[in-house]
Every structure is written in structure tokens, then in C-alpha cells.
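Please treat every number below as a calculation from the coordinates, not as lab data. Only a predicted model underlies this, so the values are computations on that prediction, with no experimental measurement involved. Glycine also receives a Cβ, built like all others from the backbone with ideal geometry; neighbour counts cover every protein chain displayed.
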Amino acid sequence: MFRLFVALLIASSLSLYAGEDEKADKSNTIDIKGNIVDVHNGQALTGVCVKIAGTGRETYTDFEGNFEFDNMSAGDYKIISEYISYKTNISSLQTRDDQYMVIRLESL
């Protein structure tokens, strides 16, 4: 019984320690958020593929045209936005803090 108690105590201590590392790691990261709209009418575009070049990260805009990449390192990025019947957009981004951007796509 005593060994079980000690094992549980050690396991809970390790999980608390791991949680602290996770919080510390999050403080060194940034979030890149944005909205994608039609350049002519300002209407939000749903389902736009948004990629960060060279990272393998991609997402799609929601029903309001919003996208988000979390836990990114500060740095220089190229944001690629692709959507059917619209020109591909490549935006350069230099960021050290959380970033919000609006991307305007032009139809073909």
C-alpha cells in the first residue's frame, strides 16, 4: 500500500512539472490570426486554404473568413492563401508578437 502511495505521489509530481514546462513554452510562442475577404465587396471568404510556407502548417477559413495559427515562433513568414476562382495571394509577415492580418483576395 505504501509503495502504491509513493508511486502515485511521484506520478502526480511529474505531471505537475510537465504542465509548468508547457506553460513556459507557450510564453515563447505567438499566434497569427486573420481574416480573408473579397477585395471588391469585402465579403468574408469561407474555406480558403491558408498555408505558412516552409512550415507544413495549413488551415482553412471558417464561415466568417477567420483563420488562426497558434504556437508559432516569432520570425519572418510567407502566408499563402488559395481559393477556387481567386488569384493566389502571398503575403510577407515579419512578426515578434501576436499578429492579426486582413488578406484581400481578387477574383480571376
Exercise. Compute the signed sum of charges (Lys and Arg +1, Asp and Glu -1) over the other residues within less than 15 Å, Cβ to Cβ, of Tyr86.
Key: 0
Self-check item: Ser107 paired with Ala74, simple spin-label distance in nm, labels 7 Å along Cα-to-beta-carbon
Solution: 4.2 nm
Quiz item: Given H placed 1.01 Å from N in the peptide plane, which residues other than close sequence neighbours of Met101 have an amide H under 5 Å from its amide H?
Solution: Lys33, Gly34, Asn35
Quiz item: How large is the charge dipole for segment 30-105, taken about the Cα centre, if only the Cβ atoms of Lys, Arg (+1) and Asp, Glu (-1) carry charge, to the nearest 20 debye?
Solution: 300 debye
Quiz prompt | Antiparallel bridge percentage (DSSP; both residues within segment 30-105; nearest 5) | solution = 75 percent
Exercise. Write out the chymotrypsin sites (Phe, Trp or Tyr not before Pro) in segment 57-93 meeting two conditions: DSSP loop, and at most 15 other Cβ atoms within 10 Å of their Cβ.
Key: Phe63
Quiz item: Which percent of the Cα-Cα distances in segment 30-105 go past 18 Å?
Solution: 31 percent
Quiz item: Check Tyr86: other-chain or 5+ apart residues with amide H under 5 Å from its amide H, H built from backbone geometry?
Solution: Leu108
Practice problem: Using amide H atoms built 1.01 Å from N in the peptide plane, name the residues 5+ places from Val48, or on other chains, whose amide H lies under 5 Å from its own. | Solution: Thr61
Quiz prompt | In sequence order, calculated HN-Hα J values of segment 81-91 (Karplus, 6.51, -1.76, 1.60; Hz; x Gly/Pro) | solution = 10, 10, 8, 4, 6, 10, 5, 5, 10, 10, 10
